[in-house]
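What follows is calculated from the coordinates using simple rules that are stated; it is not laboratory data. The shown structure was predicted, so the numbers you read here are calculated from the model rather than taken from an experiment. Every residue, glycine among them, receives a Cβ derived from its backbone with ideal geometry; neighbour counts consider all protein chains shown.
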Amino acid sequence: MTAHPAPLVRARPAADAEIPSTARTLAEAAEAAGWQTWFDYAHGTRTNARGEPTRVVESVVLRARRGDDGVVATFTDSRFSTAWLCHRHGTARRIGARDLLAVLRESGAGGAR
């Protein structure tokens, strides 16, 4: 197996200019609903299913938390990649960007989390 190269930029808090617009929209909806949010940024090599390095990408992760509920949404090269919505009951589900935005907005209106 090929050795995985060191990242060009190790994970760190994201600079404002590094945050994709979709990530910012999701964070704004989360914050309006009382969630705490933060972003991380990294720049390095992706791996394939066998753990072998492939291409270099920029990645941003949006993390949000409210009480015992959490969200992790990833963006690769400024495009939405995947998101997980985690509930206090120990359940987690994969969710798309549009559905996540709806859940966050609904949670601010006193709806389900």
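Please get the size of the charge dipole for region 1-52, origin at its Cα centre, with Cβ charges of +1 on Lys and Arg and -1 on Asp and Glu, quoted in debye to the nearest 20.
On the way: 5 positive and 6 negative charges, 56 e Å.
The calculated dipole for region 1-52 is roughly 260 debye.
What's the angle, to the nearest 10 degrees (0 to 90), between helix 97-108's Cα axis and the longest principal axis of the chain?
40 degrees
State log₁₀ I(q)/I(0) for region 10-107 at q = 0.12, 0.20, 0.24 Å⁻¹ as given by the Debye formula over alpha-carbon point scatterers of equal weight, solvent excluded.
For the requested q values the scattering log ratios are -0.39, -0.98, -1.26.
What list of ³J(HN,Hα) values in whole Hz, one per residue of region 87-92 in order, does the Karplus curve 6.51 cos²θ - 1.76 cosθ + 1.60 (θ = phi - 60°) give from phi, with Gly and Pro shown as x?
Once rounded to whole Hz, the list reads 9, 4, 7, x, 8, 9.
Please give the charge dipole size of the chain, origin at the Cα centre, charges +1 on K and R Cβ atoms and -1 on D and E Cβ atoms. Round to the nearest 20 debye. Before the final figure, lay out the partial values.
Details: 16 positive and 12 negative charges, 61 e Å.
The calculation lands at about 300 debye.
How do Arg105, Arg55 line up, fewest other C-beta atoms within 10 Å first? Don't skip to the end; give the middle numbers.
On the way: Arg105 14, Arg55 8.
Arranged by neighbour count, lowest to highest, Arg105, Arg55 become Arg55, Arg105.
If you stretched the chain out fully between Ala102 and Thr47, how much longer would it get, using 0.36 nm times the residue separation minus the C-alpha to C-alpha distance?
Working: separation 55, 0.36 × 55 = 19.80 nm, distance 3.13 nm.
Fully extending the segment from Ala102 to Thr47 adds 16.7 nm.
Roughly how many nanometres apart are two label points built 7 Å out from the Cα toward the Cβ at Trp38 and Arg55?
Modelled inter-label distance: 3.1 nm.
Around Thr45, which amide H atoms from residues at least 5 apart in sequence, or from another chain, sit under 5 Å from its own amide H, with H modelled in the peptide plane?
For Thr45, whose amide H was placed from the backbone, the distant partners under 5 Å are Leu8, Val57.
At Arg63 and His89, where each label point lies 7 Å from the Cα along Cα→Cβ, what is the point-to-point distance in nanometres?
Taking the two extended label points, one gets 2.5 nm.
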